[in-house]
Amino acid sequence: MGLNLTQKIIKNHLVEGDMRAGAEIGIRIDQTLTQDSTGTMAYLQLEAMGVDQVKTKRSVAYIDHNMLQEGFENADDHKYIQTVAHKHGIYFSRPGNGICHQVHLERFGVPGETLLGSDSHTPTGGGIGMLAIGAGGLDVAVAMGGGTYYITMPKVVNVHLKGQLKPYVSAKDIILEVLRKLTVKGGVGKVIEYTGDGVTTLSVPERATITNMGAELGATTSVFPSDEATRDFLNAQCRGEVWKELSPDVDAEYDEYVEIDLSQLEPLTAAPHSPDHIKSVSEVGGIKVDQIAIGSCTNSSYQDMMKVAKILKGQNVHPDVSLVISPGSKQVLNMLAVNGALADMIAAGARILESGCGPCIGMGQAPASNAVSLRTFNRNFKGRCGTDSADVYLVSPEVAAVSAITGKLTDPTTCTVDIGVEIPERFLIQDNMIILPSDTPDAVEVVRGSNIKPFPLNSELSQVIEGKVLIKVGDNITTDHIMPSNAKLLPYRSNIPHLAEYCLAPCNEEFPARAKQNGGGIIVGGDNYGQGSSREHAALVPLYLGIKAVITKSFARIHKANLINSGILPLTFAQPEDYDKIHELDTLIITNAVDQLKNGSTIIVKNVTQGTEYTMNVQLSDKELEMILAGGKINLIKQNQ
């Protein structure tokens, strides 16, 4: 039996374990990336581990999430990241250089290498054949220190693409179709691997759109082969020397198979309030639109921007529409300025934003009350845009640009403009906003602002775990619910005590006070708890508030890993109906917790208030169990030093 591409890359990086689906494996990490929302914690943890110089082939720190400097906090945190990167052997991408995933694809990604990033959309790198995985900051810090990254060996889903897209149907529509078929939970524990003759019709930026938004499937990552299109892209980036051909064996086997005929796709949209609430644009109809935002790490490439510019050229943005555009990188913005496309956008009435994440994470451009916003982004969770009452539809750049002119959601296939865009023979290369690591690291002083506070550490697991159910929430609770990261809070990314005042506030404003009054406790949730961003603040802040365990029907992969890293016990109901039998403020108790965890894969939780008990599943690998018993990964590292 031959190997698929995922298995080939894992095999080349396998350090521990066997490549059996469901078994724990350890892999070597070649590259890492962080961004400013998660980077401060990752580098504080790197320093805490006593790492002098990173051990990876390449580590890069990006500033892209919050560049608004209303106070000193952001500037201080950015200076900390810049100086700690300079000292420890990390490349630093300055504010304005672009979104981490776009820039990394352009300037650093290497086919066949592994990339671990403290951002859930790190799988973007799969567009050039990397095994690129999103993780919590502590996992990234360990990888930078040369440590092994442990995951469950994923199943591999073959998404076979055949045929060719019709005009005005795009890569965004492909991933929306995959989400329609698989849902936001369908990729958990899996890698999505793309094959078929349809792959050859897609450029690297188009492939990266698909792998980027594959994060919304809950997948470990997504990956495309490295072929002539990959070589052409890397040659155009003057990095052709890193290219190598990568493909699955002809007799490769997969765990699941999905086929998509590209020629049958039509323009799609993810309707409010979930990335898998998929409808065709024609089905939704011509609803009035108030705001349109084009950009994000999903759709901000040169190719995307040129299509938008061609549609807008000589046109006027509808007077009822606010159109904002965020080119994904300085490279893209510079090229648009040089060739005149930027002028076409501006002349049409578009507002040009800085090359960064911006509106995608609620960082500015919040829509009006009850507004309809079309966005070329990857997430439309309720309230993520900054306005709870707004309806956000996720669309392709083509849909967004045409709709900006008409003032209503419009099927772009009615447009007659030629929007064909070829990948340039050579991109405009100017890396003057990337600062290289210092040649004299001992002479570098790390600058720490007053906003940086110590991160919390857990203690060893006790035999008795007891606490009240502080909150009970439903399905698909996101990390935006658990730890909001809006324009007001993101400047406090390195101040856990301040953030604690807002933990789970979108679900219940009383939660922080309730946690303090009760000296901590337990959280109960439904399916897919913790989906969305990789931010480990969604585990660190509950740890600070004394959360001892989280009990759910199921967890999102990264959030579960972050809970374990923090020493918070993740449990799932053995009988899902038991979820309905637990109420807020019930007192739960686990006796002989350490012994129960060591002796099996289930644990008994007693409900003192109701006089009942429940069987919970404990899905922990041997190493994860060690972390839970030690009170988290850092404690375990210290024990083993």
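None of the figures in this text is laboratory data; all of them are computed from the coordinates on show. Note that the coordinates shown come from a computational prediction; the quantities given were computed from them, not determined experimentally. Neighbour counts are summed over all protein chains in view; Cβ atoms, including those assigned to glycine, are modelled from backbone coordinates with ideal geometry.
Using unit Cβ charges (K, R positive; D, E negative) and no other charged atoms, how large, in debye to the nearest 20, is the dipole of the chain about its Cα centre?
In debye, rounded to 20, the chain gives about 740.
Just to check I understand the Karplus step: with θ = phi - 60° and J = 6.51 cos²θ - 1.76 cosθ + 1.60, what whole-Hz values come out for the range 394-400, glycine and proline as x?
8, 9, 7, x, 5, 4, 4
Could you tell me which residue out of Ser300, Pro267, Gly314 lies farthest along the dipole of the range 265-314 toward its positive end? Charges go on the beta carbon: Lys and Arg +1, Asp and Glu -1, centred on the Cα centre.
Of the listed residues, the answer is Gly314.
Extension gain Ala48-Gln639, at 0.36 nm per residue separation less the Cα-Cα distance, in nm?
Here the segment from Ala48 to Gln639 would lengthen by 211.4 nm.
Report the gain in length on full extension from Ala21 to Thr414: 0.36 nm times residue separation, minus Cα-Cα distance, nm rounded to one decimal.
Length gained between Ala21 and Thr414: 136.9 nm.
Assuming R0 = 25 Å, can you tell me the calculated FRET efficiency for the pair Lys598 and Lys181, based on Cβ-Cβ distance, to the nearest 0.05?
The calculated FRET efficiency here is 0.05.
Note the full-extension length gain between Glu425 and Lys516 as 0.36 nm times their separation in residues minus their Cα-Cα distance, in nm to one decimal.
26.8 nm
About its Cα centre, how strong a charge dipole does the range 276-413 have in debye, to the nearest 20, once Lys and Arg get +1 and Asp and Glu get -1 at the Cβ?
Charge dipole, the range 276-413, about its Cα centre: 160 debye, nearest 20.
So how far apart, in nm, are the two label points at Val338 and Asp261 if each is 7 Å from Cα heading toward Cβ?
Reported label-point gap for Val338 and Asp261 is 4.3 nm.
If each of Val284 and Glu584 carries a label point 7 Å out from its Cα toward its Cβ, how far apart are those two points in nm?
Distance between the two pseudo-spin positions: 3.2 nm.
Considering the options Ala135, Pro167, Tyr43, tell which one lies farthest towards the positive end of the dipole of the range 30-181, charges being +1 on Lys and Arg and -1 on Asp and Glu at the Cβ, about the Cα centre.
About the Cα centre, the residue reaching furthest to the positive side is Pro167.
Placing +1 at every Lys and Arg Cβ and -1 at every Asp and Glu Cβ, with all other atoms neutral, what dipole size does the range 312-382 have around its Cα centre, in debye to the nearest 20?
So the magnitude is around 200 debye.
When ranked by the protection proxy of mean other Cβ atoms within 10 Å per residue, highest first, what sequence do the peptides 48-57, 326-335 form?
Peptide ranking by packing, descending: 326-335, 48-57.
Give the angle, between 0 and 90 degrees and rounded to the nearest 10, that separates the Cα long axis of helix 72-88 from the longest principal axis of the Cα atoms of the chain.
Approximately 90 degrees, to the nearest ten.
Looking at this model, which pairs from Lys553/Lys633; Lys166/Lys288; Lys190/Lys560; Lys581/Lys606; Lys279/Lys408; Lys516/Lys553 are more than 18 angstrom apart at the alpha-carbon?
Check vs 18 Å cut-off fails for Lys553/Lys633; Lys166/Lys288; Lys516/Lys553.
Determine the relative contact order of the chain: mean sequence separation of Cα pairs under 8 Å and six or more apart, normalised by residue count, in whole percent.
It rounds to 14 percent for the chain.
May I ask which residue of Tyr614, Thr414, Leu490 lies farthest towards the positive end of the charge dipole of the chain, with charges of +1 (Lys, Arg) and -1 (Asp, Glu) on Cβ and the Cα centre as origin?
So the residue we want is Leu490.
If the cut-off is 18 Å between C-alpha atoms, which lysines fall inside it for Lys162, apart from same-chain ones fewer than 8 positions away?
Result set, ordered by chain and number: Lys172, Lys181.
Give, as a single signed number, the net charge of other residues whose beta carbon lies under 9 Å from the beta carbon of Val103, with Lys and Arg counted +1 and Asp and Glu -1.
0
Fewest first, what order do Thr414, Thr124 take by the number of other Cβ atoms within 10 Å?
The fewest-first ordering by Cβ neighbours comes to Thr414, Thr124.
Treat the count of other C-beta atoms within 10 Å as a stand-in for reagent exposure and order Arg426, Arg514 from fewest to most.
Listed from fewest to most nearby Cβ atoms, that is Arg426, Arg514.
Mind listing the phi-derived Karplus ³J(HN,Hα) values for the range 2-15, rounded to whole Hz, using 6.51, -1.76 and 1.60 with θ = phi - 60°, and x for any glycine or proline?
Per residue, the Karplus-derived 3J(HN,Hα) values read x, 9, 7, 5, 4, 5, 4, 5, 4, 4, 6, 10, 6, 10 Hz.
Take His318, His481 and order them by how many other Cβ atoms sit within 10 Å, fewest up front.
Ordered by Cβ neighbours within 10 Å, fewest first: His318, His481.
Counting only other residues whose beta carbon sits under 13 Å from that of Phe233, what net charge do I get with K and R as +1, D and E as -1?
Every neighbour counted, the sum reads -2.
Could you tell me which trypsin sites (Lys or Arg not before Pro) in the range 177-286 are loop residues by DSSP with no more than 14 other beta carbons within 10 angstrom of their beta carbon?
Within the range 177-286, the qualifying trypsin sites (Lys or Arg not before Pro) (loop, at most 14 other Cβ atoms within 10 Å) are Lys244.
Using helices alone, I'd like the mean residue ellipticity at 222 nm for the chain: each DSSP H run of four-plus residues gives -39500 (n - 2.57), total over residue count, nearest 500.
Calculated mean residue ellipticity at 222 nm is -8000 deg cm²/dmol.
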